[in-house]
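One structure is given here, and the rest of the page talks about it.
The values are calculated or read from the model by the stated rules, or taken from the named source; none is laboratory data. Bear in mind the structure is a predicted one, so any value in this text is a computation, not a measurement. Note that each Cβ is placed from the backbone with ideal geometry, even for glycine, and that neighbours are counted across all protein chains shown. Just so you know, the surface numbers come from the protein's heavy atoms only, side chains and all, with ligands and any DNA or RNA stripped out. Shrake-Rupley method; radii C 1.70, N 1.55, O 1.52, S 1.80 Å.
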Amino acid sequence: MSKKEISIPEEIIANKIHLIREQKVMLDKDLAELYQVETKQLKRQVRRNIDRFPEDFMIELDQEEFTNLRSQSGTSKWGGTRYAPMAFTEQGVAMLSSVLSSPTAIKVHIQIIRVFTKIREVLKNHSDLLLRMEKLERNTSKHDMQISQVFDLIKQLVKQEEAPRTQIGYKKDNK
């Protein structure tokens, strides 16, 4: 690895990916930290190029989402932000690379996209497992119903055998 190569552990990047509005996103502050720029510079570049960031690329968090996100992380390292944080989807992160074109931003961007890709692959594999489990569960519940019917039949047979039988043959008179 060359001296100018930037290497950020995948775990650090993965820990900065959040699920907001059912989308995997990264926050402006985290991206600015990774790209080694100030958050206000990142936001300024996004605002100057806002046409490149449609709603499915970037969302601004409302106060409730922001508060919820801070409570999930335990302590606030945000300080007092005056503006709502921006959250970027994978496509938004890709678009950021065209807006922030420093060598550091480009190298970090490549690492971030690789992590997003790995997460997508893991989720795909888990969804395959989930589908298999659901199929197995349906089969098991069908078998459970059949086993239950077998036990019901056995109980009916046992009850029939327990019923008093009338004797066949000669009866003694009690005279």
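What number of residues within region 144-156 satisfy the criterion of being open to solvent by 100 Å² or more (accessible area, probe 1.4 Å) and of a type outside the set (Lys, Arg)? So that I can check it myself, show each step before the final result.
Step one: list which residues in region 144-156 are open to solvent by 100 Å² or more (accessible area, probe 1.4 Å), which gives 145, 149, 151, 153, 155-156.
When the remaining residues are screened for being of a type outside the set (Lys, Arg), the result is 145, 149, 151, 153, 156.
Selection size over region 144-156: 5.
Just for strands (runs of 3 or more DSSP E) wholly inside region 1-86: which have at least 1 residues that are farther than 22 Å from LEU123 by Cβ, at pLDDT 85 or above and not small (Gly, Ala, Ser)?
58-60
Give the residues of region 107-140 that are open to solvent by less than 80 Å² (accessible area, probe 1.4 Å) and of a type in the set (A, V, I, L, M, F, W, C), sorted by residue number.
Once the filter is applied, which keeps residues that are open to solvent by less than 80 Å² (accessible area, probe 1.4 Å) and of a type in the set (A, V, I, L, M, F, W, C), region 107-140 yields VAL108, ILE110, ILE112, ILE113, VAL115, PHE116, ILE119, VAL122.
What number of residues in region 92-138 are more than 19 Å from ILE8 (Cα to Cα) and touching a residue at least 60 places away in the same chain (Cβ under 8 Å)?
Counting residues in region 92-138 that are more than 19 Å from ILE8 (Cα to Cα) and touching a residue at least 60 places away in the same chain (Cβ under 8 Å) gives 1.
Which ones in region 19-64 are among the hydroxyl-bearing types (Ser, Thr, Tyr) and touching a residue at least 24 places away in the same chain (Cβ under 8 Å)?
The one that is among the hydroxyl-bearing types (Ser, Thr, Tyr) and touching a residue at least 24 places away in the same chain (Cβ under 8 Å): TYR35.
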